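Student: Below is a structure I'd like to ask you about.
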């Protein structure tokens, strides 16, 4: 069964995607909505549509994953994302720490990923991802790379007990496209307000 990215590729070829999306985020989002309905439905990523507590796929450092989440402290959080797009950077017995890219607007997500690609992921003299280096990404590495200050608003802790879906691991070839998909599901604040606060946090970092 074709997933959402395969559907989009029928309209956009991967060579032109970056230029088209960077040139017009709004038109790209409208195209996605035309393919998937009024909003990009989270269940496009999952075969099971029922609540799936603790049915957890393996988490891998440096991969890109998405899932439904119900925060433990949602009553006191100023806002949160129900459908994070995350790169895990540390794994614990009860969960993981990761970069939720949704806390940046699409263009800044792209800048952050370009930096990670050049400084962490890339195989020397190649466009391929170095799988060994990918697994070595960590919070400490991010802090040492000053040009990745964009990561500051994105660092979030996730508890396994509050995952309410399976974890969907994105294919490497779908990462860039995922940066532009309007799948964020913020609660208690608009994405414009959250992105504004993220920019403020980056300036203080």
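The values are calculated or read from the model by the stated rules, or taken from the named source; none is laboratory data. Small disclaimer: the values here were computed from a predicted structure and weren't measured. Because the Cβ atoms are built from the backbone with ideal geometry, glycine has one as well, and the counts that use them run over all protein chains shown.
Student: Can you report the number of residues in region 142-187 which are within 16 Å of residue 121 (Cβ to Cβ) and part of a loop (DSSP other than H, G, I, E, B)?
Tutor: 3
Student: Residue 147: at pLDDT below 75, more than 18 Å from the chain's Cα centre (by Cα) and within 20 Å of residue 106 (Cα to Cα), yes or no?
Tutor: Values: at pLDDT below 75: yes; more than 18 Å from the chain's Cα centre (by Cα): yes; within 20 Å of residue 106 (Cα to Cα): yes.
In short, yes.
Student: Is it the case that residue 187 is exposed (fewer than 15 other Cβ atoms within 10 Å of the Cβ) and either at pLDDT below 90 or touching a helix residue (DSSP H, G or I) at 6+ places or on another chain (Cβ under 6 Å) (or both)?
Tutor: On the way: exposed (fewer than 15 other Cβ atoms within 10 Å of the Cβ): yes; either at pLDDT below 90 or touching a helix residue (DSSP H, G or I) at 6+ places or on another chain (Cβ under 6 Å) (or both): no.
In short, no.
Student: Return yes when residue 197 is part of a helix (DSSP H, G or I), surrounded by fewer than 17 Cβ atoms within 10 Å (Cβ to Cβ), at pLDDT 95 or above and in contact with a helix residue (DSSP H, G or I) (Cβ under 9 Å, 6 or more places away or on another chain) and no when it is not. Spell out the reasoning first.
Tutor: Details: part of a helix (DSSP H, G or I): yes; surrounded by fewer than 17 Cβ atoms within 10 Å (Cβ to Cβ): yes; at pLDDT 95 or above: yes; in contact with a helix residue (DSSP H, G or I) (Cβ under 9 Å, 6 or more places away or on another chain): yes.
The answer is yes for residue 197.
Student: Let me ask something additional. Condition test on residue 110, is it under 21 Å from residue 182 (Cβ atoms), modelled with pLDDT of 85 or more and in a loop (DSSP other than H, G, I, E, B)?
Tutor: In short, no.
Student: Turning to a different aspect of this structure: In region 154-198, how many residues are within 12 Å of the chain's Cα centre (by Cα) and more than 30 Å from residue 93 (Cβ to Cβ)?
Tutor: 6
Residue-by-condition table, conditions (1) within 15 Å of residue 98 (Cβ to Cβ); (2) touching a strand residue (DSSP E or B) at 6+ places or on another chain (Cβ under 7 Å):
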residue	(1), (2)
155	yes, yes
165	no, no
168	yes, yes
182	no, no
186	no, yes
